[in-house]
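One structure coming up, written as structure tokens, with questions to follow.
The values are calculated or read from the model by the stated rules, or taken from the named source; none is laboratory data. All values reported here derive from a predicted model rather than from experimental measurement. A quick note on method: Cβ atoms are made from the backbone with ideal geometry, for glycine too, and the neighbour counts reach across all protein chains shown.
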Amino acid sequence: MKILFIHQNFPAQFKHLAPALVRQGHCVDILTLARNKMAARSEINTHTYVVERGSTPAIHPWISDMETKVIRAEAAFRAALKLREGGYVPDLVIAHPGWGEAMFIKEVWPFTKLAIYCEFFYKSVGADVGFDLEFSKGDEDIACRLRLKNLNSFAHFDIADAAISPTHWQAGTYPEEFRRKISVIHDGIDTRELTRSRSPTIYFTDLNGNKVTLTRDSEIISFVNRNLEPYRGYHIFMRCLPKLLAARPNMRVIIIGGDNVSYGGRPNPAIFGNRSWKQIFIDEVRPLISDTQWARIHFLGNLSYEQYKAILSLSSVHVYLTYPFVLSWSLLEAMSLGCSVVASDTGPLKEVINDNENGLLVNFFDIDRIIDAVLRLLADRALSKNIANAARKTIVEHYDLRDVCLPKQLGWVNTLLYDAR
């Protein structure tokens, strides 16, 4: 059967599913943004679309997002027309609708089934928006903008035959009338690859040029964001460090992540100047931390996957904080690597972590409780080991790529293909 994946940054969530479908004997093609350097795969036919214009200058800011998605949807539409003109008709299209690309795909292939990846539906109440009052004051028009932002999702709801979402909490953000089409299946964690490293020692140089050696005897607190920003609790974590460093004189803090933003907005230059979120909270806590203590904090930026795994394999306690938003792969990867996790009690974490069993859940804003939870795990090695083992067990049993998630994903796809015949 012919399957077309559409994603501007392929493979993304389809990294394992697409090759698995090839191994099953399906003919797999992808349609992706022309500048995507990661798309090429020898076993998959790659097609690209080109965005030839930007958004209209001075367009009303509330509809700028929708115009951007329509521009991209048109580009994907015209690329799909060329495929059709060449005789290509897929049996199934699987797309991430977040960038609008599949909005007009049924105008090209009206009888082809369309399945979409439902990552998150924006809400003005009950999720990320308004959760952190420190950064949401004076934003009275957010509900209006989100309502228009969701027009893209509704445009895909009208044409989608099925959907998939990685967690029940994320699926639950969608309108009730669409949820019946959503199958909840996580992307999957490769627990065979993500297992504790046997290497007793690792060496690295942090962003300040400091050479660091870590061993299994090192006391390491790890924190990972794609980019260091409030959405993933970077500000809260930084505010924990003065007391943590004072309480544990041998503790090292490893912070992995970039200086940009992935989800939330950029800092308001009228308030923060041209500083990044990373620098803003360094500047806030630095006067509370001595030079000797500061030397035990290591910012590593973005690492290779192998470096990332090696460091988490030695982590004593991993801290994961997030607004109520999409679940990060990094949390599940840390649990698979046998980390003892302190995490915020925000959705969808309570779907994965049972407090005091496979992790410790704390209020996102309660700095003292976060500190206490970290210190508790550092002081009680038996508790930490039990929680780490339970964390690993949770991921193996419920989120393993090969034995759990990928078979379910393939079953979902093949059911759609069978129904498409």
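Under the condition of being polar (S, T, N, Q) and part of a loop (DSSP other than H, G, I, E, B), which residue from the range 294-320 is farthest from LEU375 (Cα to Cα)?
Per the stated criteria, the residue is SER304.
Another one. Of the conditions (1) surrounded by fewer than 21 Cβ atoms within 10 Å (Cβ to Cβ); (2) under 19 Å from GLN13 (Cα atoms), SER336 satisfies every one except a single condition; which number is it?
The one condition SER336 does not meet is (1).
A quick yes/no check of all residues on (1) in contact with a strand residue (DSSP E or B) (Cβ under 6 Å, 6 or more places away or on another chain); (2) of a type in the set (Lys, Arg); (3) not in a strand (DSSP E or B):
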position	(1), (2), (3)
ARG145	no, yes, yes
LEU148	no, no, yes
ALA160	yes, no, yes
THR195	no, no, yes
ILE220	yes, no, no
PHE223	yes, no, no
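Let me ask something else about it. Suppose we filter LEU83, LEU114 for residues that are surrounded by 18 or more Cβ atoms within 10 Å (Cβ to Cβ), in contact with a strand residue (DSSP E or B) (Cβ under 7 Å, 6 or more places away or on another chain) and assigned to a helix (DSSP H, G or I); which single one remains?
When all the criteria are applied, what remains is LEU83.
Moving on to the next point. Looking at the range 250-266, can you tell me whether even one residue there is of a type in the set (A, V, I, L, M), in contact (Cβ under 8 Å) with a residue 12 or more places away in the chain and out of contact with any Phe, Trp or Tyr (no Cβ under 8 Å at 6 or more places or on another chain)?
yes
Exactly one of (1) touching a strand residue (DSSP E or B) at 6+ places or on another chain (Cβ under 6 Å); (2) at pLDDT below 95; (3) not basic (Lys, Arg) is unmet by GLU176. Its number?
Result: GLU176 fails condition (1) only.
Then there is this: Looking at the range 98-111, which of its residues are part of a loop (DSSP other than H, G, I, E, B) and either buried (at least 18 other Cβ atoms within 10 Å of the Cβ) or in contact with a Ser or Thr (Cβ under 9 Å, 6 or more places away or on another chain) (or both)?
GLY100, GLU101, ALA102, MET103, PHE104, TRP109
Among the residues of the range 16-47, write down those that are in contact (Cβ under 8 Å) with a residue 40 or more places away in the chain and among the charged types (D, E, K, R).
Passing the criteria: only ASP29.
Is the range 92-103 home to any residue that is at positive phi, assigned by TED's automatic domain parsing to the domain that holds ARG147 and within 22 Å of the chain's Cα centre (by Cα)?
yes
Is it true that VAL362 is touching a Ser or Thr at 6+ places or on another chain (Cβ under 8 Å) and at pLDDT 95 or above?
Yes.
What is the one condition in (1) free of Cβ contacts under 8 Å to residues at least 40 places away in the same chain; (2) touching a helix residue (DSSP H, G or I) at 6+ places or on another chain (Cβ under 9 Å) that ILE202 does not satisfy?
(1)
Restricting to the range 180-196, name every residue that is within 21 Å of the chain's Cα centre (by Cα) and either surrounded by fewer than 17 Cβ atoms within 10 Å (Cβ to Cβ) or more than 15 Å from PHE120 (Cα to Cα) (or both).
Answer for the range 180-196, where residues must be within 21 Å of the chain's Cα centre (by Cα) and either surrounded by fewer than 17 Cβ atoms within 10 Å (Cβ to Cβ) or more than 15 Å from PHE120 (Cα to Cα) (or both): GLY188, ILE189, ASP190, THR191, ARG192, GLU193, LEU194, THR195.
Please tell me if ARG196 is over 14 Å from VAL319 (Cα atoms), in contact with a Gly (Cβ under 7 Å, 6 or more places away or on another chain) and not assigned by TED's automatic domain parsing to the domain that holds LEU303.
Against the criterion (over 14 Å from VAL319 (Cα atoms), in contact with a Gly (Cβ under 7 Å, 6 or more places away or on another chain) and not assigned by TED's automatic domain parsing to the domain that holds LEU303), ARG196 qualifies.
When the residues of the range 267-289 are narrowed to those that are in a loop (DSSP other than H, G, I, E, B) and in contact with a helix residue (DSSP H, G or I) (Cβ under 8 Å, 6 or more places away or on another chain), which ends up nearest to CYS240 (Cα to Cα)?
The extreme case among them is ILE289.
Among the residues of the range 26-57, how many are surrounded by 14 or more Cβ atoms within 10 Å (Cβ to Cβ) and over 26 Å from the mean Cα position of the chain (by Cα)?
The total comes to 4.
Out of GLU119, GLU134, GLU140, I need the residue that is assigned to a loop (DSSP other than H, G, I, E, B) and surrounded by fewer than 14 Cβ atoms within 10 Å (Cβ to Cβ). Which one?
Step by step, each of GLU119, GLU134, GLU140 is checked, and only GLU140 is assigned to a loop (DSSP other than H, G, I, E, B) and surrounded by fewer than 14 Cβ atoms within 10 Å (Cβ to Cβ).
Quick one: in the range 1-25, which of the residues that are farther than 17 Å from THR415 by Cβ and polar (S, T, N, Q) is surrounded by the fewest Cβ atoms within 10 Å (Cβ to Cβ)?
ASN9
All but one of (1) under 30 Å from LEU321 (Cα atoms); (2) in contact (Cβ under 8 Å) with a residue 12 or more places away in the chain; (3) surrounded by fewer than 20 Cβ atoms within 10 Å (Cβ to Cβ) hold for ALA95, so report the exception by its number.
Every listed condition holds for ALA95 apart from (3).
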